[in-house]
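> Right, I'll just put the structure down here and ask away after.
The values are calculated or read from the model by the stated rules, or taken from the named source; none is laboratory data. Here the structure is a predicted model, which is why all the values come from computation and not from measurement. Because the Cβ atoms are built from the backbone with ideal geometry, glycine has one as well, and the counts that use them run over all protein chains shown. All accessible areas refer to the heavy atoms of the entire protein, side chains included, with ligands and DNA or RNA removed. Shrake-Rupley method; radii C 1.70, N 1.55, O 1.52, S 1.80 Å.
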Amino acid sequence: MMAAEVAGFRPPPYPYERLKPLRAQAAALAGGAIDLSVGSPCDPPSPAVMAALASADQGGATRGYPSSAGSPAARQAVAAWTEHRFDVHVNPEQVALCIGTKELVAGLPAWLHLKDPSRDTVLYPELAYPTYEMGALLAGLRPVPVPVDDNFRLRLSPDAVSAADAERALVMWVNSPGNPAGQLDDLAAAAAWGRARGVLVASDECYAEHTWTGPPRTILGHGGGDGGMSGVLAVHSLSKRSNLAGLRFGWYMGDPEVVEFLRDVRQHAGFMVPGAAQLAGMAALADQAHADAQSQRYRQRLERLRHILAAVGVTAPMPEGGIYLWAPAPGGDAWGLATRLAIEAGMIVSPGEFYGPAGAGFIRVAAVAPMDRLDLVASRVGAG
C-alpha cells in the first residue's frame, strides 16, 4: 500500500510574473516597453562607490571571509550616517549588516521563533510589501494583517489587533515611507504599542531618504530604554538610496539583545556581505550629495508621471515619501487600467492587489525610468 501523499508548502506565483502578457504587448510598440512595475534603480551609483569596488583587493577585502555582522569600520559608517541623517546616536555594537534587506525581512520570523518558540504570529500592514507575509509563511508561522485607515496608515487602536494575536506576536512590521502607498506612519506610536505588549517592532525604512513631507525619520530614539532602542529594530538598505540594489548591502540596528541574537545566528548560517561590498557601502554612506541628487531625480519623475496619468484620466496624488505613485483605477478596474497603459502607452505598472486585498482597485507606478523614457510614454498618450 502506498503511503498517503502529504501536501507540503507550495509557494504562490511571484506576483510580477503575472505581468508577462502585458510586457509582451508593450514591447510591440515602437521604442519598446517602459517597465515601471518593479522598483529597480536605473541610475548610476556614486563614482566613489565604483572607485571603492575597483580598489577593494588592494587591502585584501576580496580574499578572506568577511565578518557576518560587518567590519567595525562598516558598522561605524552606518552609525555615523544614522546620527547625521536622523540626529539619533547608535552604538556601532547595535548595528549589523545583512545581504540586502529582503533576505532579512524574509528570514527574521524564523530566527525570532528560535529565540521565542512560544510566539508564532507575524503582524504586518494589510497593504504592504509582500515579503512581510511571505517571511511568516516560510517560517511556518501565522501571518496576521494589521488594518490600515483610509490614508493607508496602520490603525493601532486597541481593537485593531486582537489581544490574542498581540500575545502570540513575535514581531510587527511597519514600513514608512510605505510601499506601495507612500504614507508616513507614526513610528513613535508604533514603538509604544509594541513595548506595551512585549512585541518587537521592526521598521522597514529603506525609502527614508526619499521623504517628501518633512525630514527623514526613524523608529529609533522614541522613548524606551537604551536611548530609545529597546523593543525596536530599524532596517535600511542602499538599494534605493544609492542605486545599489545589485550590491546587496543592508543593515539592521536597534535593540541590543535582538541585534546580538540575530548577529550570532546569522554568523552560524554564513550570512556575509562581501568585503568589497562593505567598502563600497561605506563610500556610498559617506556621499550624501549623491543621495540628495538621486532623491531629486525621483521627485521630478514622480511629478512627470502624475502629469502622464492625468492625461489618461487617472488622478495620482503625490506620496508623502517613496518612489511610487499609488493611484485609484477608474471604476476600480486595476487590471483593466494596467492593460490599457501597456497597450496605449507601453508602460508596465503593478495592480494594487499584489500588495494585499486592501490594494484592489489601485495601481502602483515606480519612478524608475530615465526622463527620456517617460517623455516617450507622454508622447504616446498626448501628455506633452
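> Collect the residues in the range 54-70 that are under 21 Å from Val258 (Cβ atoms) and open to solvent by 30 Å² or more (accessible area, probe 1.4 Å), keeping them in residue-number order.
Result: Ser67, single match.
> Assuming Gly254 fulfils every condition listed in (1) surrounded by fewer than 24 Cβ atoms within 10 Å (Cβ to Cβ); (2) of a type in the set (Gly, Ala, Ser); (3) on the phi > 0 side of the Ramachandran plot; (4) touching a residue at least 12 places away in the same chain (Cβ under 8 Å) apart from one, which condition is it?
Just one mismatch for Gly254, condition (1).
> Mind listing whichever residues of the range 107-162 are surrounded by 16 or more Cβ atoms within 10 Å (Cβ to Cβ), of a type in the set (S, T, N, Q) and not in a helix (DSSP H, G or I)?
Thr121
> Right, next: Could you grab me the full set of residues in the range 163-185 that are in a strand (DSSP E or B) and either under 19 Å from Gly214 (Cα atoms) or over 16 Å from the mean Cα position of the chain (by Cα) (or both)?
Result: Ala169, Leu170, Val171, Val174, Asn175.
> Select, from Ile343, Ile363, the only residue that is farther than 12 Å from Ile308 by Cα, outside any strand (DSSP E or B) and touching a residue at least 24 places away in the same chain (Cβ under 8 Å).
Ile343
> Return the residues of the range 236-264 that are of a type in the set (Asp, Glu) and touching a Leu at 6+ places or on another chain (Cβ under 9 Å); say none if nothing qualifies.
The one that is of a type in the set (Asp, Glu) and touching a Leu at 6+ places or on another chain (Cβ under 9 Å): Asp255.
> I'm trying to understand the selection: among the residues of the range 257-301, which are within 20 Å of the chain's Cα centre (by Cα), among the hydrophobic types (A, V, I, L, M, F, W, C) and open to solvent by less than 10 Å² (accessible area, probe 1.4 Å)?
Val259, Leu262, Val273, Ala277, Ala284, Ala291
> To continue, here is another question. Which of the residues spanning the range 29-53 are open to solvent by 30 Å² or more (accessible area, probe 1.4 Å) and of a type in the set (D, E, K, R)?
Asp35
> Kindly provide the set of residues from the range 186-199 that are within 19 Å of the chain's Cα centre (by Cα) and open to solvent by less than 20 Å² (accessible area, probe 1.4 Å), ordered by number.
Hits for the range 186-199 are Leu187, Ala190, Ala191.
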